[in-house]
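Remarks on the structure that follows.
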Amino acid sequence: MRELSELSGYKNKPLKMLNNAGIQIGDFIKIITKTSEYSGNILPRYEYSNEDFIVIKMSNGYNIGIDSNKILSINKINSGEEPKFIPPSKPNVKESLPKISILGTGGTIASRIDYKTGAVNPAFSAEELYSIIPELSEYANINTELISNIASEQMNPEDWKNIAEQVVKKINDGNQGIVIGHGTDTMAYTSAALSFALVNSPIPIILTGAQRSTDRPSSDASLNMISSVIVASERKLNGVYLAMHSSIEDNEVSIHSGTRVRKNHTSRRDAFQSIGIEPIAIVNQGNVSINNQLSIKKNKFEPKINFDDNVSLLKFHPGFNPKIIEGLIESNVKGIILEGTGLGHVNSKCNNSIKKAIDKGIFVGMTSQCLNGRIKMTVYSAGRDLLDLGVIPLEDMLPETALVKLMWAYGNYKNEEIQKIMTDDIAGEFTERSILGR
Amino acid sequence: MSDNNYELKVGLEIHQQLASSTKLFCRCNGFNEGDDEIYFNRILRPTQSELGKTDHAALFESRKAKKMKYIANTNTSCLVEADEEPPHEISKEALDIALTISYLLNSEPVDEIHVMRKLVIDGSNTTGFQRTVIIATGGELKVENISIPVLSISLEEDASRIIEKNQDESTYSLDRLSVPLIEITLAPMKFKKEETEKIALTLGRLMRTTGKVARGIGTIRQDVNISIDGRNIIEVKGVQQLDMLSNIIEFENNRQQNLIEIKNELFKRGLNLDNFKKKSVDVSNIFKNTESKLIKKILKNNGKIMAIKASKFNRLIGQEKQEGTRLGRDISSLVKFFGYGGIFHSDELPNYGIIKDECNEINTILENQQNDAFILLTGNKDNMDIAVKSIENRLIQCLIGIPAETRMPTEEGMTNFMRPRPGSARMYPETDIIPVRITDKKRSEIKNSLPESYEKQLDNYKQIGLNDKLSIQIFDSKYKTLFEKLVKEIELPPNFIAAQLTETLINLSRNNIDISKINDKDLEMIFVEIQNGVIAKESFEKIIQDICNNELRLDEIIIQMKEDKLSEHDIERIIKEIIILKKDIVAERGQESFSILMGEAMKELRGKVDGKIVSEKIRELLKN
């Protein structure tokens, strides 16, 4: 007899009971306890801390947990059926539509629910996407590829490199636009990374995701995906952008510059906001209106896709211990981005350590934890002292963007070039004018 | 009632809002006051299941591809209701109330509760699903000498309140969304229809013994599952008034009997699936020169007329033994669901300006024989396919007799089609909330603090001086809990408090005074000030009016009253003046003149001084 493995989530007593009764996940069983009688399909038990419980789905669709210590008898009535998923057939998509590649990195763009177990499984093939989001077939001939399967917070700079490599491959394959599905937690870091790595991209590269999971009818994923595919297929905007809801409504998606966007809310659909500039474009009811073209110098597309993660982002705060900087120096870090207060300040207690770092050849750049606004280190003596030490003011570059840019700079340039790279506008990370109205 | 071989079985599902201080999955209070400030639009999409198909009912809803508009106020809703934040943990208070009611029904709580998502994509939930959780199973409700088994007790979030619904947009208010509801599902039983009301009433009162269920319109709703063939269940959703229950059950019984008769007759006539092969036809041309104003208008507005063949249905679509039970009406309410006005069918034609020749032409086009019928659907040129298809399907369903449907009640005690019955393929776990264990400690804690029974509580009321009528009134009123608190804390006769909270308020409400503006806190304060002598007992009514109609604030009214309060000296002066004025009568009748003097005095002092004080003063002065 096949035995249940611990993969089913069951351990110890419940596992033994189920195995003794020859029960597999999905089987229809009957349980008699001291007080009640239950029947239903046995479900796997995921993630829950208490090991004593057995979970069944009753025929009315509800799940309940039964304490194995109260069970008098447990019997199998019927074997469960494996869910049979019949993949939908590919719709007729016009050959003349633009060829768009959708890359998956780990967040789900679309999913299917297994009502028997409650599991939510990602759906990713072009056929599945067309079937779940039929509007896509009006705009593009899509091809899909799952290039990684990692949660957003598990992403590392080497993953950015992998994504960049895959994008380059897709560009060479003749795709007219690329959409990248990404978990939202670190999506803005990835968008900054790709903005630098793929600067002067000949085609649009759009990152998008969902703040509400794709198994729910109210998910924001579909509108975000449709809008991204539209922008990717229109070729009005080349370069790297991030597309997410403009508000809590399902009508408008903002197209943010890859280097000036930030996740500013834990859960809202409109968590992503452009900082210091208006979104580059708005997609409303399928129409793209461009607000704000970035004035990036047009050069040849020469991808530089390496990142050196031996750099650090330090947030200054009252009570900040300068030994943290000393520790970084000792660990042979190559560069430090400071997130200072206000116009770009730290407590003067840090000055000695900062000087030590700069003397050792470590790049030290200043950004502001205000996020909005530009640093200006000549206004107060605290700032001037830091300038004298050799701290490089990074204007209104976002702290996270500065960190990513520094990783990219060390990954692709020589040490003596770092300062110039960090202060040149490469991918729209600086603005020249601080716009009124914000 | 014609019983034939069929047995009417009725199962009740009672939904009762709980009066917990917060909503089920966030800490908003859904009963707060507030003006709507936030508006937003959303679109819901059906999700795919692993079985390669979406839920039947959900798909049906989505065919309408509707936009949802939500309105909210920040007092009653937060990001959770807007589906912009994950749910918070389940309200412990609501869970305790549900457990209490479970034990009152001898229903055994489950060991560990798992919150589920039930797909509902008509827009009434911003998420596209309703969160619901089974709390207990088993148990029984005893109603006189009958015992009705309880199938399950669940706790779920209430849906948004529909404000407006039209063809392509629905508007909902979020205030009610996620208010905790307890759902008690009783086993379907063979009932006399009048017993159903008694059952619902008994269950309502059992829940009210907790003092923690909401009262008022819309706070309790009954769903009734009605089946006469034992297989296909009709669920009638949202019966708000108990006295409608028996009418609805009777209506459904008749309607379902009619469908069975139609089925039997169709079999006799030899109907089978092959008879449904004829495609529906656009017959607009026939009506080019029609006299029918209705049809003319439709054709003028870019419309068309579709004819659907109904083989062997002659005289069956219009067959109606009791009002409203005909198949034609069912099909009409089906297309109304898609935003159409209704249908015409051959059993009722010629009529409505449609003439015999036109009917004949349609019959010819559809190749109709003597026993065949047709249905006409009129509407906009585009997008009629889904509605036409739904009529064709409905005709096919006549082969099985009674299609399982969810229906809604009408004010006349009939029912209309609402949507197909949802399959069980629409529940999956709410992964944002971890399961909650119902510990033995919790069980004994709840068991040890169960409320007294309805009968016992009425007895208690009688003990403190309430008569039978007032006892029942206060028990059934939304002020039950407040009353019990006031009786404990305030030294006023319970009878007086109960009468004000029931009869006085009901009277005011009948006189179009919006008593919903007065809250429990205000009421409590009024009774406290009556006790303190600041407010005269007689002023209760006037103060409520001032608050509800004249928008005065209670604290200001009380300050004013304190300022206006007459000193004993003033009262004595006023009464003395009256005695002087009426000195002839006093001289003539002595103590007997009391009632005349009292009447005169109260004309001046009503609302300012307690009548008891006035009467004491008059008697005192008369003695001298």
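The values are calculated or read from the model by the stated rules, or taken from the named source; none is laboratory data. Predicted, not measured: the structure shown is a model, and the values here were computed from it. Neighbour counts run over all protein chains shown; Cβ positions are idealised from the backbone, glycine included.
Which residues, taken from segment B:284-302, are in contact (Cβ under 8 Å) with a residue 60 or more places away in the chain and crowded, with 16+ Cβ neighbours inside 10 Å?
B:Ile286, B:Phe287, B:Thr290, B:Ser292, B:Ile295, B:Ile298
Cβ-Cβ distance below 9 Å, separation of 6 or more or different chains: which pairs start in segment A:27-38 with a residue that is within 13 Å of chain B (Cβ to nearest Cβ) and end on one that is aromatic (Phe, Trp, Tyr) and assigned to a strand (DSSP E or B)?
Listed by first residue and then by second, the contacts come to A:Ile31/A:Tyr38; A:Ile32/A:Tyr38.
All but one of (1) within 26 Å of B:Thr126 (Cα to Cα); (2) surrounded by fewer than 17 Cβ atoms within 10 Å (Cβ to Cβ); (3) modelled with pLDDT under 95 hold for A:Asp250; which doesn't?
(2)
How many of the residues in segment B:532-552 are farther than 15 Å from B:Asp514 by Cα and not in a helix (DSSP H, G or I)?
5
Which ones in segment B:116-130 are more than 9 Å from chain A (Cβ to nearest Cβ) and of a type outside the set (Asp, Glu)?
So in segment B:116-130, the residues more than 9 Å from chain A (Cβ to nearest Cβ) come out as B:122-124, B:130.
Result: B:Gly123, B:Ser124, B:Gln130.
So A:His245 fits all but one of (1) away from chain B (no Cβ under 14 Å); (2) closer than 22 Å to A:Glu138 by Cβ; (3) touching a Lys or Arg at 6+ places or on another chain (Cβ under 9 Å); what number is the exception?
The single condition A:His245 does not satisfy is (1).
Could you say whether any residue in segment A:211-227 is of a type outside the set (A, V, I, L, M, F, W, C), away from chain B (no Cβ under 14 Å) and not in a loop (DSSP other than H, G, I, E, B)? Quick ask: steps written out before the conclusion?
First, the residues of segment A:211-227 that are of a type outside the set (A, V, I, L, M, F, W, C): A:211-220, A:222, A:224, A:227.
Checking the rest, the ones that are also away from chain B (no Cβ under 14 Å) come to none.
Looking for residues that are of a type outside the set (A, V, I, L, M, F, W, C), away from chain B (no Cβ under 14 Å) and not in a loop (DSSP other than H, G, I, E, B), one finds none in segment A:211-227, hence no.
Would segment A:12-22 turn up any residue that is assigned to a loop (DSSP other than H, G, I, E, B) and modelled with pLDDT under 95? Can you show your working first?
Looking only at segment A:12-22, we keep the residues that are assigned to a loop (DSSP other than H, G, I, E, B), and these are A:21-22.
Cutting the leftovers down to modelled with pLDDT under 95 gives us A:21-22.
So far as segment A:12-22 goes, yes, one or more of its residues are assigned to a loop (DSSP other than H, G, I, E, B) and modelled with pLDDT under 95.
Here's the yes/no breakdown for (1) crowded, with 20+ Cβ neighbours inside 10 Å; (2) touching a Gly at 6+ places or on another chain (Cβ under 8 Å); (3) in contact (Cβ under 8 Å) with a residue 24 or more places away in the chain:
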position	(1), (2), (3)
A:Lys376	no, yes, yes
A:Tyr380	no, no, yes
A:Leu387	no, no, no
A:Pro393	yes, yes, yes
A:Val404	yes, no, yes
A:Glu417	no, no, no
A:Ile421	no, no, no
A:Asp425	no, no, yes
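Being more than 7 Å from chain B (Cβ to nearest Cβ) and surrounded by fewer than 22 Cβ atoms within 10 Å (Cβ to Cβ) is the filter here, so list the residues in segment A:41-55 that pass it.
A:Asn41, A:Pro44, A:Arg45, A:Tyr46, A:Glu47, A:Ser49, A:Glu51, A:Asp52 - these are the residues of segment A:41-55 that are more than 7 Å from chain B (Cβ to nearest Cβ) and surrounded by fewer than 22 Cβ atoms within 10 Å (Cβ to Cβ).
Residue-wise test of (1) more than 7 Å from chain B (Cβ to nearest Cβ); (2) out of contact with any Leu (no Cβ under 6 Å at 6 or more places or on another chain); (3) modelled with pLDDT under 80.
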{"position": "A:Asn63", "(1), (2), (3)": "no, yes, no"}
{"position": "A:Ile71", "(1), (2), (3)": "yes, yes, no"}
{"position": "A:Lys76", "(1), (2), (3)": "yes, yes, no"}
{"position": "A:Asn92", "(1), (2), (3)": "yes, yes, yes"}
{"position": "A:Ile113", "(1), (2), (3)": "no, yes, yes"}
{"position": "A:Gly118", "(1), (2), (3)": "no, yes, yes"}
{"position": "A:Asn121", "(1), (2), (3)": "no, yes, yes"}
{"position": "A:Glu127", "(1), (2), (3)": "yes, yes, yes"}
{"position": "A:Glu138", "(1), (2), (3)": "yes, yes, no"}
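Please verify whether segment A:186-193 includes one or more residues that are surrounded by fewer than 24 Cβ atoms within 10 Å (Cβ to Cβ), more than 14 Å from every other protein chain (Cβ to nearest Cβ) and either in contact with a Pro (Cβ under 6 Å, 6 or more places away or on another chain) or farther than 14 Å from A:Ala281 by Cβ (or both). Steps first, please.
Taking segment A:186-193 first, the residues surrounded by fewer than 24 Cβ atoms within 10 Å (Cβ to Cβ) are A:186, A:189.
Subset that is more than 14 Å from every other protein chain (Cβ to nearest Cβ): A:186, A:189.
Subsequent filtering for residues that are either in contact with a Pro (Cβ under 6 Å, 6 or more places away or on another chain) or farther than 14 Å from A:Ala281 by Cβ (or both) retains A:186, A:189.
Taking every residue of segment A:186-193 in turn, at least one turns out to be surrounded by fewer than 24 Cβ atoms within 10 Å (Cβ to Cβ), more than 14 Å from every other protein chain (Cβ to nearest Cβ) and either in contact with a Pro (Cβ under 6 Å, 6 or more places away or on another chain) or farther than 14 Å from A:Ala281 by Cβ (or both).
Out of everything in segment B:538-578 that is under 15 Å from B:Asp522 (Cα atoms) and in contact (Cβ under 8 Å) with a residue 60 or more places away in the chain, what residue ends up being surrounded by the most Cβ atoms within 10 Å (Cβ to Cβ)?
So, considering only residues that are under 15 Å from B:Asp522 (Cα atoms) and in contact (Cβ under 8 Å) with a residue 60 or more places away in the chain, the one surrounded by the most Cβ atoms within 10 Å (Cβ to Cβ) is B:Ser539.
Got a sec? Which of A:Ile280, A:Ile230, A:Ile324, A:Ile255 is closer than 21 Å to A:Thr401 by Cβ, more than 13 Å from chain B (Cβ to nearest Cβ), of a type in the set (A, V, I, L, M) and touching a helix residue (DSSP H, G or I) at 6+ places or on another chain (Cβ under 9 Å)? Step through it out loud before you land on a result.
On the way: A:Ile280 fails: touching a helix residue (DSSP H, G or I) at 6+ places or on another chain (Cβ under 9 Å); A:Ile230 fails: closer than 21 Å to A:Thr401 by Cβ; A:Ile324 fails: closer than 21 Å to A:Thr401 by Cβ.
Among A:Ile280, A:Ile230, A:Ile324, A:Ile255, only A:Ile255 is closer than 21 Å to A:Thr401 by Cβ, more than 13 Å from chain B (Cβ to nearest Cβ), of a type in the set (A, V, I, L, M) and touching a helix residue (DSSP H, G or I) at 6+ places or on another chain (Cβ under 9 Å).
Quickly run through segment A:404-438 and pick out the residues that are hydrophobic (A, V, I, L, M, F, W, C) and closer than 22 Å to A:Ile280 by Cβ. Spell out how you get there, then give the answer.
Residues of segment A:404-438 that are hydrophobic (A, V, I, L, M, F, W, C), as a first pass: A:404, A:406-409, A:418, A:421-422, A:426-427, A:430, A:435-436.
Matches in segment A:404-438: A:Val404, A:Trp408, A:Ile426, A:Ala427, A:Phe430, A:Ile435, A:Leu436.
Hey, can you tell me all the residues within segment B:72-110 that are touching a Ser or Thr at 6+ places or on another chain (Cβ under 6 Å), surrounded by fewer than 22 Cβ atoms within 10 Å (Cβ to Cβ) and more than 9 Å from chain A (Cβ to nearest Cβ)?
Result: B:Glu93, B:Thr100.
Evaluate the following for A:Gln154: is it surrounded by fewer than 24 Cβ atoms within 10 Å (Cβ to Cβ), among the polar types (S, T, N, Q) and at pLDDT 95 or above? Break it down into steps so the answer makes sense when it comes.
Details: surrounded by fewer than 24 Cβ atoms within 10 Å (Cβ to Cβ): yes; among the polar types (S, T, N, Q): yes; at pLDDT 95 or above: no.
No; evaluated as a whole, the condition is false for this residue.
If A:Arg268 passes every condition in (1) in a strand (DSSP E or B); (2) within 14 Å of another protein chain (Cβ to nearest Cβ) but one, which one does it miss?
Among (1) in a strand (DSSP E or B); (2) within 14 Å of another protein chain (Cβ to nearest Cβ), A:Arg268 violates only (1).
Just one of the numbered conditions (1) in a strand (DSSP E or B); (2) surrounded by 24 or more Cβ atoms within 10 Å (Cβ to Cβ) is not true of B:Ile148; which one?
In the conditions (1) in a strand (DSSP E or B); (2) surrounded by 24 or more Cβ atoms within 10 Å (Cβ to Cβ), B:Ile148 misses (2) alone.
Just the residues that are under 17 Å from A:Pro279 (Cβ atoms) and in a loop (DSSP other than H, G, I, E, B), please, taken from segment A:228-249. I'd like the intermediate steps shown before the answer.
Initial filter on segment A:228-249 (under 17 Å from A:Pro279 (Cβ atoms)): A:228, A:230-232, A:234, A:236-249.
Within segment A:228-249, A:Lys236, A:Leu237, A:Asn238, A:Ser246, A:Ser247, A:Ile248, A:Glu249 qualify.
Among the candidates B:Lys212, B:Lys277, B:Lys190, single out the residue that is surrounded by fewer than 17 Cβ atoms within 10 Å (Cβ to Cβ) and in the same structural domain as B:Ile153 (by TED's automatic domain parsing). Steps first, please.
Working: B:Lys212 fails: surrounded by fewer than 17 Cβ atoms within 10 Å (Cβ to Cβ); B:Lys277 fails: in the same structural domain as B:Ile153 (by TED's automatic domain parsing).
Exactly one residue qualifies, and that residue is B:Lys190.
Can you go through B:Lys469, B:Lys456, B:Lys442, B:Lys462 and tell me which one is within 16 Å of B:Ile113 (Cβ to Cβ) and either modelled with pLDDT of 90 or more or not in a loop (DSSP other than H, G, I, E, B) (or both)? Full working, then the answer.
Numbers: B:Lys469 fails: within 16 Å of B:Ile113 (Cβ to Cβ); B:Lys456 fails: within 16 Å of B:Ile113 (Cβ to Cβ); B:Lys462 fails: within 16 Å of B:Ile113 (Cβ to Cβ).
None of the other options fit; the residue is B:Lys442.
When segment B:172-184 is examined, which residues are found to be assigned to a strand (DSSP E or B) and away from chain A (no Cβ under 14 Å)?
Narrowing segment B:172-184 to residues assigned to a strand (DSSP E or B): B:172-173, B:180-184.
Matches in segment B:172-184: B:Ser173, B:Pro180, B:Leu181, B:Ile182.
Would you confirm whether or not segment A:143-162 contains a residue that is within 14 Å of chain B (Cβ to nearest Cβ), in contact (Cβ under 8 Å) with a residue 24 or more places away in the chain and not polar (S, T, N, Q)? Show your work before the answer.
Taking segment A:143-162 first, the residues within 14 Å of chain B (Cβ to nearest Cβ) are none.
Scanning segment A:143-162 turns up no residue that is within 14 Å of chain B (Cβ to nearest Cβ), in contact (Cβ under 8 Å) with a residue 24 or more places away in the chain and not polar (S, T, N, Q).
Restricting to segment A:19-33, count the residues that are of a type outside the set (D, E, K, R) and under 15 Å from A:Leu72 (Cβ atoms). Explain how you work it out, then say what you get.
Our first condition is that a residue be of a type outside the set (D, E, K, R); within segment A:19-33, this holds for A:19-26, A:28-29, A:31-33.
If we keep only those that are under 15 Å from A:Leu72 (Cβ atoms) as well, we get A:20-21, A:29, A:31-33.
So the answer is 6.
Return the residues of segment A:320-354 that are touching a Gly at 6+ places or on another chain (Cβ under 8 Å) and closer than 22 Å to A:Ile418 by Cβ; say none if nothing qualifies.
Applying the first criterion (touching a Gly at 6+ places or on another chain (Cβ under 8 Å)) to segment A:320-354 yields A:335-338, A:343-346.
Listed by number, the residues that qualify are A:Gly335, A:Ile336, A:Ile337, A:Leu338, A:Gly344, A:Val346.
Anything in segment A:406-438 that is touching a Leu at 6+ places or on another chain (Cβ under 7 Å) and more than 21 Å from A:Ser201 (Cβ to Cβ)? List them, or say none.
Correct list: A:Met422 only.
Would you tally the residues in segment A:280-320 being among the charged types (D, E, K, R) and over 17 Å from A:Thr259 (Cβ atoms)?
Initial filter on segment A:280-320 (among the charged types (D, E, K, R)): A:297-298, A:300, A:302, A:304, A:308-309, A:315.
Now narrow it down to the ones that are over 17 Å from A:Thr259 (Cβ atoms): A:300, A:302, A:308-309, A:315.
Result for segment A:280-320: 5.
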